1. For every other residue with a beta carbon closer than 13 angstrom to the beta carbon of Ala61, add +1 if it is Lys or Arg and -1 if Asp or Glu, then tell me the sum.
2. Spelling out what I want: for every residue of the stretch 53-62, take phi, set θ = phi - 60°, compute 6.51 cos²θ - 1.76 cosθ + 1.60 (Karplus), and round to whole Hz; glycine and proline get x.
3. Under the Kirkwood approximation for Rh and a Cα-based Rg, what ratio Rg/Rh is obtained for the stretch 1-61?
4. What does the charge count around Leu84 come to, taking other residues whose C-beta lies under 12 Å from its C-beta (Lys +1, Arg +1, Asp -1, Glu -1)?
5. Between Gly99 and residues 5 or more places away or on another chain, which pairs have amide H atoms under 5 Å apart, with H built 1.01 Å from N, and which residues are they?
6. Please give the helix 74-83 orientation as an angle from the longest Cα principal axis of the chain, in degrees from 0 to 90, rounded to the nearest 10.
7. Using just the helices of the chain, give the 222 nm mean residue ellipticity in deg cm²/dmol: DSSP H runs with n ≥ 4 each add -39,500 (n - 2.57), and the total is spread over all residues, rounded to 500.
8. Considering only DSSP beta bridges with both partners in the stretch 1-77, what is the antiparallel share in %, to the nearest 5?
Amino acid sequence: MAIGEITHIELPSDDSERAQTFYSELFGWPMQQVEGMPDYTMFQSGPGEFGGAIGKRGVSAPDRMRLYVEVESLEASVAKVTELGGSVAVEITDVPGQGRYAAIVDTEGNEIGLWEALSA
């Protein structure tokens, strides 16, 4: 993924099976359980790498839908967010073997995830 591209979307659910059925039947998205994360099911929304996950609201997913944008440096991006009048909702967090993320709130109250993949 390139810097600035949307890389992932998280869809919170109150009933994971119901949400999985809804999206797989509506859009044909294949669902795949994540090992070690029983409340987090990945999906791919089409050709390429873009996809997301359905997680338990407030547990393995945020309370509201969150999309993630690829950044070069989480530290620099988080610092810029506060300079521009936004705030940090979730501090920088490691995802072992994959990368790191943080969640920010923009000046309009929208929550967005920032993603920094591990270097190849």
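Just so you know, all these numbers are worked out from the coordinates, no wet-lab data involved. Fair warning: this is a prediction, and the values are worked out from it, not measured in the lab. Positions of Cβ are generated from backbone atoms using ideal geometry, with glycine treated the same way; all protein chains shown enter the neighbour counts.
1. After counting each charged neighbour, the total is -2.
2. 8, 10, x, 6, 3, x, 10, 9, 9, x
3. Working: Rg = 11.6 Å, Rh = 11.9 Å.
Looking at the stretch 1-61, the ratio lands at 0.98.
4. Numbers: positive: Lys80; negative: Glu83, Asp106, Glu108.
Once all neighbours under 12 Å are counted, the net charge is -2.
5. Leu118
6. That works out to roughly 70 degrees.
7. -5500 deg cm²/dmol
8. Numbers: 13 of 20 bridges.
Beta bridges within the stretch 1-77, antiparallel portion: roughly 65 percent.
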